[in-house]
Ligand SMILES: [Zn+2]
């Protein structure tokens with residue numbers, strides 16, 4: 001699901017305390033950055049994707065001695081060593097990117113403050129208007145523009161070249177840049193308003209401003225969550241109704257069964273930008289819509305699609321959008337409190353040099369952003385865990401709703417194109433905002449072990465072309481205890497990874 005809080009918070013930001021050491025770190029960072037991408041590009045060829053069609057290894061087929069661990073391992077073994085190495089490299093590289101990104105942001109903030117550009121942008125805004133809310137909004141627009149330019153080298157590397165080198169991006173640079181320009185336009189529309197509100201609160205609420213700032217930003221996130229799917233997402237992709245047919249009916253049936261008010265299923269052309277598969281049930285407070293991307297539709301099988309859609313519906317049924325907004329607002333309030341504690345100290349020390357009078361002066365925004373960037377870096381394990389736990393709930397919901405353990409496990413394996421499949425538990429806790437592929441496959445196989453003879457599971461395997469025998473008498477207990485399990489698939493595909501026509 002889209003988490004606006006995180007993507008916003010972790011992108012543009014900048015610095016404060018210990019600027020000298022930040023600058024030193026920058027020098028180190030640029031040295032490392034120039035050397036570092038080479039290793040990423042070394043793995044030249046694309047991750048060969050898993051073949052189309054439902055992927056079910058033999059060890060995961062219904063069998064009298066079905067074993068959760070063995071089935072899980074068999075799924076993980078669908079990735080060849082090269083694919084695994086490449087996926088690990090891509091994802092682990094992301095850990096470092098989070099750090100470099102903050103360092104980069106700190107340097108930009110230092111640049112804006114110490115060069116006096118931030119002060120000059122505020123002076124220019126004040127020449128246009130003396131009304132505080134207006135010059136604050138104008139400053140917000142100037143800052144957004146300046147950040148776009150200063151951020152572009154970083155964004156070009158992370159968002160374009162790196163994605164390209166891993167075969168994840170499908171755009172030309174021109175098309176990619178056009179979308180960034182469009183995002184800039186959207187930010188220019190919204191950010192100045194948010195900033196004017198935040199500084200108005202700072203001027204009026206004294207030492208409690210951080211509480212208001214958190215609440216206002218939280219409300220802003222809610223409005224973006226409402227506006228995005230309906231009005232902004234269509235600027236980047238074409239949304240069309242999924243064509244009539246069994247799949248559409250199955251998705252809508254799943255929606256009706258779970259009380260989701262939707263009478264249409266949308267497909268959007270994400271293949272325009274990326275090779276990643278995804279879907280969402282987005283919106284909040286009555287703007288719900290069910291959408292899946294064309295990569296999911298074209299490159300996976302119906303059981304996988306049903307599994308993914310049921311997961312997304314879990315987010316809706318479990319009120320995740322609302323709950324995440326609340327959690328993130330609390331995190332933001334803490335973040336603004338940290339800003340409150342740091343900003344006054346920083347201004348006492350550097351305020352004259354920066355030309356920033358006090359915390360209600362928007363020219364101090366780079367310092368605010370710098371503190372927030374550091375705060376969100378430190379809070380990464382917490383924010384990731386908040387989101388990851390919601391994802392794990394949606395996983396459990398999706399398995400129960402769709403009854404497609406193989407579809408879900410198969411999709412989890414496909415996501416290894418951009419997410420390391422089997423991290424250590426600590427690594428997962430700190431860096432993962434979704435459960436790892438291993439966790440998801442294991443969860444699917446655990447569910448399957450309790451439902452080996454489920455008619456839907458067997459029918460789904462048969463639909464995907466696997467030969468499964470008629471179900472035997474119901475298993476009396478967890479089938480890892482083997483006897484009493486359902487009839488095994490005789491003649492299941494003899495390949496390790498039996499791929500099957502849809
Ligand atoms: Zn999700």
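Bear in mind these aren't lab numbers, they're just calculated from the coordinates by the rules spelled out. On a predicted model such as this, the values are computed, not experimentally measured, just so you know. Virtual Cβ from ideal backbone geometry, glycine too; neighbours counted across all protein chains shown.
Rounded to the nearest angstrom and ordered from largest down, what semi-axes does the equivalent ellipsoid of region 301-458 get from its C-alpha gyration tensor (root of 5λ)?
On the way: eigenvalues 393, 45, 26 Å².
Rounded to whole Å, the semi-axes are 44, 15, 11.
Peptides 51-58, 321-328: what's the order by average Cβ count within 10 Å, highest mean first? Each step should come with its number before you reach the end.
Working: 51-58: 21.4, 321-328: 18.5.
Descending mean neighbour count gives 51-58, 321-328.
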*Any number yet on Rg/Rh for region 121-186, C-alpha, Kirkwood?*
1.18
*asked:* With the alpha-carbon atoms as the only input, what is the per residue convex hull volume for region 288-333 in Å³?
replied: 89
_Span per principal axis, largest first, for the Cα atoms of region 91-207 (Å)_ = 50, 27, 27
*So how much slack lies between residue 177 and residue 240, counting 0.36 nm per residue of separation and subtracting their Cα-Cα distance, in nm?*
20.2 nm
*Label residue 131 and residue 298 with points 7 Å out from Cα along Cα→Cβ: what is the distance between them in nm?*
4.9
_Give me the three principal axis extents of region 247-369 from the C-alpha atoms, as integers in angstrom, largest value leading._
65, 31, 19
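Once Rh for region 315-384 is found with the Kirkwood sum over Cα pairs, what is the Stokes-Einstein diffusion coefficient at 25 °C and 0.890 mPa s, in µm²/s? Provide the component values of the computation, followed by the final result.
Details: Rh = 13.5 Å.
Answer, rounded: 181 µm²/s.
Work out, step by step, the length gained on full extension between residue 230 and residue 424: first 0.36 nm times the residue separation, then minus their alpha carbon distance; give nm to one decimal. Please list the in-between numbers first.
Values: separation 194, 0.36 × 194 = 69.84 nm, distance 3.87 nm.
So the extension gain works out to 66.0 nm.
Sort 254-261, 98-105 by the packing proxy (mean of other Cβ within 10 Å over each peptide's residues), most packed first. Mind showing how you got there, number by number?
Values: 254-261: 14.8, 98-105: 20.6.
So the order, starting with the most tightly packed, is 98-105, 254-261.
Contour minus end-to-end for residue 396 and residue 64, with contour as 0.36 nm per residue of separation and end-to-end as the Cα-Cα distance? If you can, show how the numbers build up before the last one.
On the way: separation 332, 0.36 × 332 = 119.52 nm, distance 2.45 nm.
Stretched out fully, the residue 396 to residue 64 stretch lengthens by 117.1 nm.
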*Any idea how far the Cα center of region 74-142 sits from the one of region 405-447, in Å?*
28
